[in-house]
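No value in this document is a laboratory result; all are computed from the given coordinates. Because the structure is a prediction, the values reported are computed rather than measured. Positions of Cβ are backbone-derived with ideal geometry, glycine not excepted, and every protein chain shown enters the neighbour counts.
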Protein chains: 2
Amino acid sequence: MPKKINRRNFIKTTALVGTAVSVAPKSLIGTRASDQRVRLGFIGTGLRGQWMLYLAAQRPDVDIAAICDIDNHMIGLAMDVIRQQGSPPPDIYNNGDEDFLSVVQRDDLDAVYIATPWEWHHPMAIAAMKQGKHVGTEVPAALTVKDIWDLVNTSERTGRHCMIMENVCYRRDVMAVLNMVRRGLFGELLHLQCGYQHDIRHVKFNDGNQAYGGGVEFGEEGYSESKWRTQHSVDRNGDLYPTHGVGPVSTMLDINRGNRFVHLTSTATQSRGLHKYIVDQGGPDHPNTAVKFKLGDVVSTVIKCANGQTVIVSHDTNSPRPYSLNFRVQGTEGIWTVDNDSIYLQGRSPEEHHWEPFEPYQTDYDHPLWKRFTDAEKTIGHTGHGGIDFFILNAFVESLKQNVPPPIDVYDAASMSVISPLSEKSIRLGSAPVKFPDFTRGKWKTNKPVFGLNSEY
Amino acid sequence: MPKKINRRNFIKTTALVGTAVSVAPKSLIGTRASDQRVRLGFIGTGLRGQWMLYLAAQRPDVDIAAICDIDNHMIGLAMDVIRQQGSPPPDIYNNGDEDFLSVVQRDDLDAVYIATPWEWHHPMAIAAMKQGKHVGTEVPAALTVKDIWDLVNTSERTGRHCMIMENVCYRRDVMAVLNMVRRGLFGELLHLQCGYQHDIRHVKFNDGNQAYGGGVEFGEEGYSESKWRTQHSVDRNGDLYPTHGVGPVSTMLDINRGNRFVHLTSTATQSRGLHKYIVDQGGPDHPNTAVKFKLGDVVSTVIKCANGQTVIVSHDTNSPRPYSLNFRVQGTEGIWTVDNDSIYLQGRSPEEHHWEPFEPYQTDYDHPLWKRFTDAEKTIGHTGHGGIDFFILNAFVESLKQNVPPPIDVYDAASMSVISPLSEKSIRLGSAPVKFPDFTRGKWKTNKPVFGLNSEY
């Protein structure tokens with residue numbers, strides 16, 4: 001596969017945030033009393049892994065000790081990134097599907113970060129914890145109820161943490177709203193909305209040479225995410241990717257910390273978009289026109305919480321539409337919605353029954369963490385992946401350094417990730433309500449909120 | 001009860017649309033070959049009935065033969081309206097709860113229009129049809145599955161029409177979008193959203209002297225809608241008022257005409273807003289603080305259609321929030337949402353993945369009916385009640401004159417109204433999916449769309 005185009009894309013991305021070294025201003029990192037460092041292994045060095053390696057290499061408190069991938073091309077790109085940042089070259093593990101076991105067996109690592117195809121997160125996280133390593137895994141943490149329990153049980157048994165790297169929890173607007181929720185500006189929360197509404201047809205299909213679009217190939221013939229991600233749309237009908245929406249919502253609703261998800265229903269539309277894309281882009285004779293996709297184009301999930309609230313989660317990835325994570329936060333005193341960037345607070349908003357712009361609230365209630373890392377904002381922008389990825393990596397590293405549970409822990413990984421298999425089950429059963437397991441085994445009643453309540457991560 | 005404030009409100013309303021006689025420009029009404037007139041009885045002359053009387057009195061093709069209410073004060077206000085419009089005085093029926101029977105027994109009426117409390121729509125419509133009168137009823141048509149079947153069966157047996165007066169079907173933006181849907185601009189429809197998101201706490205409670213706010217009374221102590229509407233929030237948990245959202249959605253999805261609603265799930269939040277309003281406005285010692293409200297503050301319903309589409313219906317009436325009917329129309333080629341007044345159409349919108357304003361589409365795809373009655377728009381505004389109420393009344397009267405089924409018929413009345421009891425049942429059963437009865441008994445498969453396809457109504 002000629003990889004130049006992709007590489008160019010990545011280099012462009014790198015250049016874009018090249019000045020964003022300040023995203024991790026060295027003066028703010030590793031300033032704790034201890035000058036502890038953490039040694040990390042990186043499993044999965046595709047585009048996502050490379051980007052996180054780039055951010056990790058900025059940090060004076062991180063040693064990148066090992067990288068692992070089955071694809072030597074991706075390993076090569078990752079090494080370029082590390083070299084360009086002036087970091088010492090890590091050991092390379094590229095000896096097939098099981099070589100990650102050699103990484104987790106090393107005795108000099110504090111933790112591994114996993115950015116592999118979804119189906120690999122679970123076995124890799126389990127193996128790492130069993131070998132005494134903490135884990136940061138990309139979303140979702142696992143794909144079945146059984147595997148999610150396995151993560152929880154293994155984490156509890158080994159005493160190793162399993163953090164889900166749900167970066168949207170750190171989005172600047174979302175954190176300002178969280179701040180407002182905690183200060184009671186919305187009153188008692190009632191109803192929230194969120195979701196993954198992202199036209200990623202050009203991610204699910206490409207020409208086998210570039211990561212985004214240019215063709216209708218996937219699987220063996222595809223490149224980057226299309227190699228594995230698209231197959232989930234063939235095999236599964238449900239909310240395949242709930243965590244970007246549900247992560248922030250969980251922090252606002254104190255899920256697993258005073259509240260929990262009780263049950264959900266999911267309902268899917270017919271499946272049209274992916275087949276249509278293949279026909280429109282590849283022509284009616286392309287062999288992929290024969291592929292049957294199970295995934296409904298829009299999947300609507302409604303969750304009921306123990307404290308009474310409801311959450312609508314939307315999954316909408318196969319249709320032409322502008323990107324939106326669909327956030328809405330509504331309580332007894334007011335409502336914020338992201339799609340019109342507006343807010344209404346009873347007794348505060350100047351005109352009754354009328355929206356006002358959110359922007360002044362963003363300024364007034366900017367989360368302390370974002371204020372602290374203000375330079376990052378200047379270079380990256382408040383919705384930039386760089387910003388939120390800096391924060392999620394920072395939380396992973398700082399909690400490792402302090403040897404405390406991460407602010408988004410294995411129970412959060414479980415309650416967020418389990419939405420997918422529960423949603424699939426609900427759809428299979430004609431939108432039947434499906435109960436959430438209580439992964440905390442009752443501890444949600446006494447656990448206290450932690451996310452965003454620490455001045456450093 | 002001193003009614004001055006209310007009366008002043010109504011007079012203000014009347015003045016507001018005083019110049020809107022052109023809403024029903026006489027040149028456009030009754031211009032058909034026949035110079036038929038229709039004789040109507042008006043049952044229920046509260047604020048809603050008075051407004052419709054006002055519009056009916058503008059029409060040269062309508063005789064207002066009878067009015068009926070249990071409340072002499074409202075009868076008096078209605079007579080004022082009729083007198084001010086220079087119409088001959090109708091006969092008055094004000095002899096208690098059952099006097100509507102005397103109206104429907106008259107042998108000189110073509111139809112009755114019903115604008116009474118919700119629970120009365122069904123018995124009045126049934127009585128009217130049994131006496132050979134066509135019916136136009138305010139929303140919802142009936143409150144239980146049994147009563148809704150009764151409407152369908154009685155309409156079929158008597159050959160009398162039962163039109164549901166769902167005015168939002170005629171909203172200008174909604175009709176432009178319907179026009180675009182029919183021209184295929186959205187491709188195949190996938191997912192729609194709608195709902196009644198309206199902070200009507202000041203409707204549910206007042207001071208007993210005015211229709212809107214000023215106190216926390218309802219029931220016997222309340223005035224206007226609070227006299228009866230609020231009790232539904234005490235007794236019922238479900239989507240109490242789905243039709244304003246579901247009406248337009250039904251026309252776009254060809255419900256009962258090639259498609260149908262198959263099942264729904266409903267999930268309600270906790271109930272906080274109404275109690276809180278009583279405490280906040282009436283003080284913690286007000287006797288109404290003891291009232292327990294069953295209605296969850298936000299009720300989210302997801303409907304699955306025979307042709308695969310999903311519809312999210314929101315009911316949200318107890319919380320501070322700007323008004324919105326929550327419309328979203330999404331297909332394989334694009335998406336419109338009302339809350340940001342934006343649209344995105346693949347291959348047409350100038351920038352990929354970016355919204356563009358809806359306004360130019362409103363102009364280009366304005367529905368022929370609205371174009372035809374353009375003068376109305378100039379005086380009323382495209383979302384004005386005057387506009388849509390003119391249209392719904394016009395459809396009722398014109399279909400009566402032509403002796404054809406109304407464009408929104410008893411099957412539509414049924415499939416829209418039944419959402420409430422099904423939603424209550426779903427919530428009672430922990431969000432269980434509940435099947436829609438097929439009120440058309442299979443005819444939905446062959447029935448053809450009619451709404452908005454007629455140049456006159």
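Under the definition of partner shielding as Cβ atoms of other protein chains within 10 Å of a residue Cβ, what is the mean value for peptide A:198-206?
So the per-residue partner count for this stretch is 1.
Once the label point is set 7 Å along the Cα-to-beta-carbon vector, what list of distances in nm do you get between B:Gln402 and its counterparts in the other copies?
7.2
Determine the shielding of peptide B:274-282 by partner chains: average, over its residues, the number of Cβ atoms on other chains within 10 angstrom of each Cβ. Write out the running numbers ahead of the final one.
On the way: counts 0, 1, 4, 1, 0, 0, 3, 0, 0.
Mean partner shielding for this stretch: 1.
Considering only C-alpha atoms, what is the centroid distance from the range A:57-116 to the range B:230-250, in Å?
Taking the Cα centre of the range B:230-250 as reference, the centre of the range A:57-116 is 57 Å away.
Using +1 at the Cβ of each Lys and Arg and -1 at the Cβ of each Asp and Glu in chain B, identify which of B:Thr154, B:Val329, B:Gln58 lies farthest towards the dipole's positive end.
It is B:Thr154, whose Cα lies furthest towards the positive end.
With +1 on each Lys and Arg Cβ and -1 on each Asp and Glu Cβ, how big is the dipole of chain B about its Cα centre, in debye rounded to the nearest 20? Don't jump to the answer; show the numbers that get you there.
Numbers: 48 positive and 52 negative charges, 116 e Å.
Dipole magnitude for chain B comes out near 560 debye.
If you find the alpha carbon centre of the range B:299-316 and of the range A:421-447, how far apart are they in angstrom?
Taking the Cα centre of the range A:421-447 as reference, the centre of the range B:299-316 is 21 Å away.
What helices does chain B have that are whole DSSP H segments, at least 24 Å long along their own axis by Cα, and with mean Kyte-Doolittle hydropathy of -1.0 or more?
Working: long enough: B:385-402 (25 Å, 0.46).
Both cut-offs are met by B:385-402.
Please arrange B:Ser415, A:Ser420 by how many other C-beta atoms lie within 10 Å of their C-beta, fewest to most. The partial results should precede the final answer.
Numbers: B:Ser415 25, A:Ser420 28.
Placing the least packed residue first, the sequence is B:Ser415, A:Ser420.
Considering Cα pairs under 8 angstrom that are at least six residues apart, work out the relative contact order of the range B:185-253 and quote it in whole percent.
On the way: 84 pairs, mean separation 18.9, N = 69.
Reported as a whole number, the value is 27 percent.
How far is A:Glu359 from itself in the other copies, in nm, if each label sits 7 Å out from Cα along the Cα-Cβ line, shortest first?
Inter-copy label distances (nm, one decimal, shortest first): 1.8.
Would chain B count as rounded, prolate or oblate if I go by the C-alpha gyration tensor, calling it rounded below 1.5 in a/c and otherwise prolate when a/b exceeds b/c, oblate otherwise? It would help to have the intermediate numbers written out before the result.
Numbers: a/c = 1.35, a/b = 1.09, b/c = 1.24.
Rounded.
Relative contact order of chain A: what whole-number percent is it, with Cα pairs under 8 angstrom and at least 6 residues apart?
On the way: 965 pairs, mean separation 89.9, N = 457.
It comes to 20 percent, rounded to a whole number.
Give the peptides B:137-149, A:96-108 in descending order of average Cβ contacts within 10 Å, highest first. Walk me through the numbers on the way to the answer.
On the way: B:137-149: 21.3, A:96-108: 14.8.
So the order, starting with the most tightly packed, is B:137-149, A:96-108.
Using the structure shown, list the pairs from B:Lys304/B:Lys425; A:Lys227/A:Lys425; A:Lys435/B:Lys304; B:Lys227/B:Lys401; B:Lys227/B:Lys435 with a Cα-Cα distance above 27 Å, or answer none.
Numbers: B:Lys304/B:Lys425 16 Å; A:Lys227/A:Lys425 25 Å; A:Lys435/B:Lys304 21 Å; B:Lys227/B:Lys401 35 Å; B:Lys227/B:Lys435 33 Å.
Table pairs above 27 Å Cα-Cα are B:Lys227/B:Lys401; B:Lys227/B:Lys435.
Pull out a ≥ b ≥ c, the square roots of the eigenvalues of the alpha-carbon gyration tensor of the protein assembly as shown, then state rounded if a/c is under 1.5, prolate if not and a/b is larger than b/c, and oblate in the remaining case. Before the final figure, lay out each step's value.
On the way: a/c = 2.41, a/b = 1.94, b/c = 1.24.
Prolate, since a/c reaches 1.5 and a/b exceeds b/c.
What is the fewest-to-most order of A:Tyr361, B:Tyr241, A:Tyr170 by other Cβ atoms lying within 10 Å of their Cβ?
Numbers: A:Tyr361 20, B:Tyr241 23, A:Tyr170 29.
Ascending number of Cβ neighbours within 10 Å: A:Tyr361, B:Tyr241, A:Tyr170.
Which shape class, rounded, prolate or oblate, goes with the range B:242-314 when its Cα gyration tensor gives a ≥ b ≥ c as root eigenvalues, a/c under 1.5 marks rounded, and past that a/b bigger than b/c marks prolate? Write down the numbers at each step before the final one.
On the way: a/c = 4.79, a/b = 3.25, b/c = 1.47.
Cα axes put the range B:242-314 in the prolate bin.
Relative contact order for the range A:91-206 using alpha-carbon pairs under 8 Å, separation at least 6, rounded to a whole percent?
Numbers: 116 pairs, mean separation 21.0, N = 116.
Once divided by the residue count of the range A:91-206, the mean separation gives 18 percent.
Provide A:Ile92, B:Ile388 in ascending order of the number of other Cβ atoms located within 10 Å of each residue's Cβ, fewest first.
Details: A:Ile92 17, B:Ile388 21.
With the sparsest Cβ surroundings first, the list reads A:Ile92, B:Ile388.
What does the structure give for A:303-310 when I average, per residue, the other chain Cβ atoms found within 10 Å of the residue Cβ? Intermediate results must be reported in sequence, preceding the final value.
Details: counts 3, 7, 2, 0, 2, 7, 5, 11.
The per-residue average across the peptide is 5.
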